[in-house]
Amino acid sequence: MKGTMPSGMNRKVGRAMHDYEMLADGDSILVAVSGGIDSLILAWLLLFWEKKAPISYRLQAIHVDMEGNGDFPGRVAQAVSQVMESLDFPLVVLPAVWKPNTKQQEQGESPQKDICFQCARSRRTQLFAYARDHSFGKLALGHHRDDIIDTFFLNLTCAGNISTMRPKQELFSGNLSVIRPLAYCDKEEITWLGEQLGLVAIETDCPMEGHTRRQEVHELVQSIYKHIPDAKEHIFAALGNVRQDYLLLPSAEKL
């Protein structure tokens, strides 16, 4: 698939790559592809950079199939496979080891937040295990600047801590690095690039789609942007400008 990244977006990706030293020569990178436009653009982006970067790295996409049974991939997995084939991007499909109990959801026996937490944790565990077992040192995820800010507000309002997703995070004593090359890019830029490339998000059958606490927080944050000019830039800058002396931290020593 042919296409060129806009210069402004290209600079943001390059700065994120440089600031967090995301890629190195000889890297083996596992790319999580859910079928959303963010993950599809991430896959395209890493192919695009591989062609122009002065380093060489190995890429493989991975999709956790929430619908199939192992022998027969689900609808989303099949669609993701077609897109990856069009990009000439190697893909492995993993049948999900945990799936929501549809009957429990319909009867209201399992809270939405528990379902989302269990689903995300299970998929993440599968990705980590595959990366470890197949010697991938890096796992690339398609989170962008809006996701990072939303996560900050989600943790602040629902978890009681000040934290967010880092553009690069070392796990398992440095044996695996999670990287987010789109960390400095906005959702609208990613959506626009997808339209230019002819990449279309694959609709999910997730029963929680659009009804999660994350979605509620996202809408709240969007309302802040509407009322306060430049709020997004200031909030994102604040995440790297923490003044610990002005937080409610107890004294290290008690007299």
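Look at the alpha carbon pairs under 8 Å that are at least 6 residues apart: their mean separation over the length of the chain gives a relative contact order of 24 percent. Once backbone amide H atoms are built at 1.01 Å from N, Ile29 has Arg58, Leu59, Gln60 as its partners under 5 Å, excluding neighbours fewer than 5 places away on the same chain.
Considering only Ala238, Ala79, Ala24, the Gaussian network model of the chain with Cα springs below 10 Å gives its largest mean-square fluctuation to Ala238. Other residues lying with their Cβ under 13 Å from the Cβ of Thr4 contribute a combined charge of +3, Lys and Arg counting +1, Asp and Glu -1.
Would you please give the residues with an amide H less than 5 Å from that of Leu94, counting only those at least 5 places away or on a separate chain, with H modeled from the backbone geometry? Result for Leu94 returns His63, Val64, Asp65. What the phi angles of the stretch 158-173 give under the Karplus curve with 6.51, -1.76 and 1.60, with θ = phi - 60°, is a coupling list of 10, 10, x, 9, 9, 6, 7, 7, 8, x, 9, 9, 8, 10, 6, 6 Hz, glycine and proline written as x. Between the stretch 81-97 and the stretch 138-181, how many Å separate their Cα centres? The distance from the Cα centre of the stretch 81-97 to that of the stretch 138-181 comes to 24 Å. Relative contact order of the stretch 1-88, taken over Cα pairs closer than 8 Å and 6 or more residues apart, is 28 percent. With R₀ set to 41 Å, the beta-carbon distance separating Val200 from Asn175 gives a calculated FRET efficiency near 0.70.
Mean residue ellipticity at 222 nm, helices only, the chain: -14000 deg cm²/dmol; runs of at least 4 DSSP H residues each add -39,500 (n - 2.57), and the sum is divided by the number of residues.
In a shell of Cβ-Cβ distance under 14 Å around Leu220, excluding Leu220 itself, what net charge do Lys and Arg (+1) and Asp and Glu (-1) give?
0
Every number in this text was worked out from the coordinates using simple rules, so none of it is lab data. Fair warning: this is a prediction, and the values are worked out from it, not measured in the lab. For neighbour counting, all protein chains shown are included, and Cβ atoms are generated from backbone atoms with ideal geometry for every residue, glycine included.
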